[in-house]
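Structure first, commentary second.
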Amino acid sequence: MKVLIPTPLRSYTRQRADVEADGSTLDQLLVDLDRRHPGIRFRMIDEQDRIRRHIRIFVNRKQVYDLGRALQAGDRVQILQALSGG
Amino acid sequence: MPGATTKRASASSPKSKDHVVLLIGTKKGAWLLHGDSGRRSWRADGPHFLGNMVHHVMLDPRDRRTLLLAAKTGHLGPTVFRSLDFGKTWKEASKPPAFRKAAEGEKQRAVDHVFWLTPGHASEPSVWYAGSSPQGLFRSEDGGDTWAPVAGFNDHPMYGTWTGDDQDGTPDGPKMHSIIVDPRDAAHLYLGMSGGGVFESRDTGASWTPLNAGSRADFFPDPYPEFGQDPHCMRLHPLAPDVLYQQNHCGIYRLERPSDRWERIGEKMPKSVGDIGFPMVLHPRDPKTVWVFPMDGSSVWPRVSVEGKPAAYVTRNSGKTWKRLDDGLPKDQAWFTVFRQAMTADARDPVGIYFGTTTGSIWSSNEENARWKRIVQDLPHIYAVEAVEVAG
């Protein structure tokens, strides 16, 4: 399925704004995304499998907080990064 | 210097084409500042990783080519980048420093940023150590590509007691720093924590003991606890590896092994200046010579130049006397801070001293005690400066 990538993470996707990744859960999808684009997952998800503070993940335009969220073919996953600070 | 193991000092003799490079980490990226052979003019290479907070950039002294760089952005997780060609190209560590996954009911620790990088012993050419915020010790055995937590420290039954909780750390997070490998023994390690104190291991990190006797922690009811102090920067002299110096939240100290009691040597500093600061720099050949850069640690701890009049201080006799070094620096209304990794020395004779400021300037002195000269200005807030000698 299609995953939309925010600009701060596009160094991992050769500057592509949308890439493909598969998984029956959000967690599996992020693992697959990391397999295709090594290193990208740890910048978003910490070692305790928590979504990092300024990362937001939306599935079909609804924010998701649980990596166990089930996904289906055709779902649209969008990763956003909140920008703040100086 | 009774009891100290001191090798005969020898002046470095750089080849004619060798030059000093300053490895600069800032709040907004990294720069490599190349000096000419006489250290008179400087050429900036950068920014590298513009927009990333770079807390440390270190050269591998074993090959003099590999660089490791600790980075994070304000919003993405922490990582380490490696360059095998002195900054021409970079590759991210495939497994950056991270705590192990917490078991059910355990505190869930996550590395916020990698704060400190230390190359391993000369006999272990692929080994590196990293210290993090919050306090964590990590080791790489493949040149910095993959990192593993050092369980002997991070999972020590006393870890939580030694490190305190998040409220005990510095304003931008508790930190592990000053990871030191004894040049005589790869298994003999020291580290410092803000807060937590100084700790020592003699078995490559499998076990640790506090090493804080004599160092003050005046923010506790007992000002001389076994641990909990706030060392800001600790250095071991490479030619006299039984001699350690420490710039602490509560003064300047010296320790000569096998003693385990720190001696406060900052009390001879002028009372109007005090002996509080972040950085500490050792002379590469003379174990009795130390530079510090005092800051205002009064009242609410402004952590800026004392009275807005910045100055380094040097001792040539292990702290018996100190000399103010402010020639060339602003005489008034200069309110910067020099962070703990942001002051360094090269290995030349005479030694070049360098410091970077929170206001983005690099100052140098090529003659050890002579006039300071600003060699760069208007960089971002400077976190770290390391001086290295490279060929060509």
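The values are calculated or read from the model by the stated rules, or taken from the named source; none is laboratory data. None of these values were measured; they are calculated from a predicted model. Backbone-built Cβ (ideal geometry, glycine too); neighbour counts: all protein chains shown.
Of the candidates B:85, B:145, the single residue that is surrounded by fewer than 20 Cβ atoms within 10 Å (Cβ to Cβ), within 14 Å of another protein chain (Cβ to nearest Cβ) and of a type in the set (D, E, K, R) is B:145. Here is the figure for the stretch A:10-34: residues that are within 14 Å of chain B (Cβ to nearest Cβ) and closer than 19 Å to residue A:69 by Cβ total 3.
In this entry, residue B:117 is excluded by the filter for residues that are in contact with a helix residue (DSSP H, G or I) (Cβ under 7 Å, 6 or more places away or on another chain) and not in a loop (DSSP other than H, G, I, E, B). The residues on offer are B:309, B:320, and the sole one that is at pLDDT 95 or above and exposed (fewer than 14 other Cβ atoms within 10 Å of the Cβ) is B:320.
Inspect the stretch B:271-283 for any residue being of a type in the set (Lys, Arg) and either touching a Ser or Thr at 6+ places or on another chain (Cβ under 9 Å) or within 30 Å of residue B:184 (Cβ to Cβ) (or both) and give the result as yes or no. Scanning the stretch B:271-283, I find no residue that is of a type in the set (Lys, Arg) and either touching a Ser or Thr at 6+ places or on another chain (Cβ under 9 Å) or within 30 Å of residue B:184 (Cβ to Cβ) (or both), so the answer is no.
Residues that are among the hydrophobic types (A, V, I, L, M, F, W, C), in a loop (DSSP other than H, G, I, E, B) and exposed (fewer than 15 other Cβ atoms within 10 Å of the Cβ) do occur in the stretch B:152-161.
Only one entry of B:301, B:363 meets the criterion of being buried (at least 19 other Cβ atoms within 10 Å of the Cβ) and without any contact (Cβ under 8 Å) to a residue 60 or more places away in the chain, and that entry is B:363. I'd like to check something: does the stretch B:261-270 contain any residue that is of a type in the set (Gly, Ala, Ser), farther than 17 Å from residue B:317 by Cβ and not in a strand (DSSP E or B)? No. Each residue in the stretch B:347-392 was checked for being small (Gly, Ala, Ser) and under 19 Å from the mean Cα position of the chain (by Cα), and 8 of them qualify. The lone criterion from (1) within 11 Å of chain A (Cβ to nearest Cβ); (2) in contact (Cβ under 8 Å) with a residue 24 or more places away in the chain left unmet by residue B:106 is number (2).
If you go through the stretch A:67-83 one residue at a time, do you hit one that is within 9 Å of another protein chain (Cβ to nearest Cβ), under 18 Å from residue B:79 (Cβ atoms) and surrounded by 15 or more Cβ atoms within 10 Å (Cβ to Cβ)? Within the stretch A:67-83 (the criterion being within 9 Å of another protein chain (Cβ to nearest Cβ), under 18 Å from residue B:79 (Cβ atoms) and surrounded by 15 or more Cβ atoms within 10 Å (Cβ to Cβ)), the answer is yes, since at least one residue qualifies.
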